[in-house]
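See structure below.
The values are calculated or read from the model by the stated rules, or taken from the named source; none is laboratory data. Quantities reported herein were computed from a predicted structural model and do not represent experimental measurements. Cβ: placed from backbone, ideal geometry, glycine included. Neighbour counts: every protein chain shown. Protein only, heavy atoms only, side chains kept; ligands, DNA and RNA dropped before computing areas. Shrake-Rupley method; radii C 1.70, N 1.55, O 1.52, S 1.80 Å.
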Amino acid sequence: MARFHHAQRATATAGPVAQGPVPGLRRGARFVAPGPMPHRVRPSVARSRVVEVVTVLVGSVAALREVRREDLSVFHGVLGTDPAFHAKVMLEPWVPTTVAVAQARYDAGLAKEPDPRAPVQFTVQSTTDNAGRCLGWGTLWGIDLHQRIAHLGVGLIPAGRGRGLGLDAVRLLCRYAFEVRDLHRVGLETFATNEPMRRTALAAGFTQEGVLRESGYSMGERVDEVLYGLLRSDWKAAQAG
């Protein structure tokens, strides 16, 4: 089960990919600059291993923390330099750009008033990494406060794949959606060719709800998009079981 930690400062191809917005990238893409995150802290929890005083969600192998400016160079290292990977997670076509562009958007976003409907961005790291190195991202996006629904997206860099971090990150995002944001339903969408993400969705308790035939385009090919959904009642039942 995920834990909410208030971390203390320390002194010292493709894995699962679900569509959704990426920190520091333009709004037309599936990912945007982070904003303040509502949180809940359980004072009885032990001290976290994460550097800096931030609120994090901690699972068995993955932790979700706030996006830091230095994380953007990691995101750019895969999305900005790998057109094939970019095509799996972004709505817009890949174009050559620099990490400075993402950093400028990040900086501009810090001055904006928080919007409860805006995507909530997290960085994925390992729970055992004292340095808090960025291994990917997770996003709750498409938040509808009237219908109480949203979508989630997860992406990992190569160093974070094959370690169970993707599944843990999806579970943590669901916990944030249902327990912190009190949402009713979370959707997850991915290409039919992305077998790791499809397995992850089912392992996290999602139900496959449909297929949009050839609704996606990736590197010269039309691809089916598979739709998954998880209801709050199903999530709560799984937690109780």
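For region 143-158, backbone phi angles converted through the Karplus equation (6.51, -1.76, 1.60; θ = phi - 60°) give residue-by-residue couplings of 6, 10, 6, 7, 7, 6, 10, 6, 10, 10, x, 9, x, 10, 6, x Hz, Gly and Pro being listed as x. Within region 86-136, the trypsin sites (Lys or Arg not before Pro) that combine a DSSP coil assignment with at most 15 other C-beta atoms in a 10 angstrom radius are Lys112, Arg117. Its Cα gyration tensor gives region 103-241 an equivalent ellipsoid. The semi-axes, each the square root of 5 times an eigenvalue, are 22, 20, 19 Å from largest down. Computed from backbone phi with θ = phi - 60° and the Karplus coefficients 6.51, -1.76 and 1.60, the 3J(HN,Hα) list for region 174-181 is 5, 4, 4, 5, 8, 8, 7, 8 Hz; x is used for glycine and proline. For region 143-241, the solvent-accessible area works out to 48 Å² per residue, with a probe of 1.4 Å and every protein chain left in place.
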